[in-house]
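**Student:** There's a structure below that I have some questions on.
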Amino acid sequence: MEIRDNLLDRITEAEREGWLGEIEGLRISLAGAESKIDQIDASAPGGPVLLGLPTPRLTPRR
């Protein structure tokens, strides 16, 4: 989310400064970041994850 917010800030700055080439590149990066965020959100389970109970490890004797 921080990356997306940073890209939005940079797009605003580029628009203000008139950096047309920079705007296009940032918009492409923003689209990629939003796509990745959507993929992560879609694959995230809806509820808690049951990890099970831990089992003790047996350490080998020397």
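The values are calculated or read from the model by the stated rules, or taken from the named source; none is laboratory data. Because the structure is predicted, anything quoted here is derived from the model rather than measured. No Cβ is skipped: glycine too gets one built from the backbone with ideal geometry, and neighbour counts run over all protein chains shown. These area figures cover heavy atoms from the full protein model, side chains too; ligands, DNA and RNA do not enter into them. Shrake-Rupley method; radii C 1.70, N 1.55, O 1.52, S 1.80 Å.
**Student:** Mind checking the dipole of the chain: about its Cα centre, +1 per Lys or Arg Cβ, -1 per Asp or Glu Cβ, Debye to the nearest 20?
**Tutor:** 960 debye
**Student:** By how many degrees, between 0 and 90 and to the nearest 10, does the Cα long axis of helix 2-17 differ from the longest principal axis of the chain?
**Tutor:** 10 degrees
**Student:** Leaving out ligands, DNA and RNA, what percent of the accessible area of the chain is carbon and sulfur, probe 1.4 Å?
**Tutor:** Details: 3230 of 5790 Å².
With neighbouring chains kept in place, the figure for the chain is 56 percent.
**Student:** Dividing the alpha-carbon radius of gyration of the chain by 2.2 N^0.38 Å (N being the number of residues), what value is obtained? Mind dumping the intermediate values first?
**Tutor:** Values: Rg = 21.8 Å, N = 62, 2.2 N^0.38 = 10.6 Å.
That works out to 2.07 for the chain.
**Student:** Nearest 10 degrees is fine. How inclined is helix 20-43 to the longest principal axis of the chain, computing both from alpha carbons?
**Tutor:** 30 degrees
**Student:** Order 47-54, 15-22, 27-34 from most to least packed using the mean count of other Cβ atoms within 10 Å. Working shown, then result.
**Tutor:** Working: 47-54: 5.6, 15-22: 10.8, 27-34: 13.8.
Listed from highest to lowest mean packing, they are 27-34, 15-22, 47-54.
**Student:** Name the residue farthest towards the positive end of the dipole of the chain from the options Leu7, Leu58, Ile37, assuming +1 on Cβ of Lys and Arg, -1 on Cβ of Asp and Glu, about the Cα centre.
**Tutor:** Positive-end residue among those listed: Leu58.
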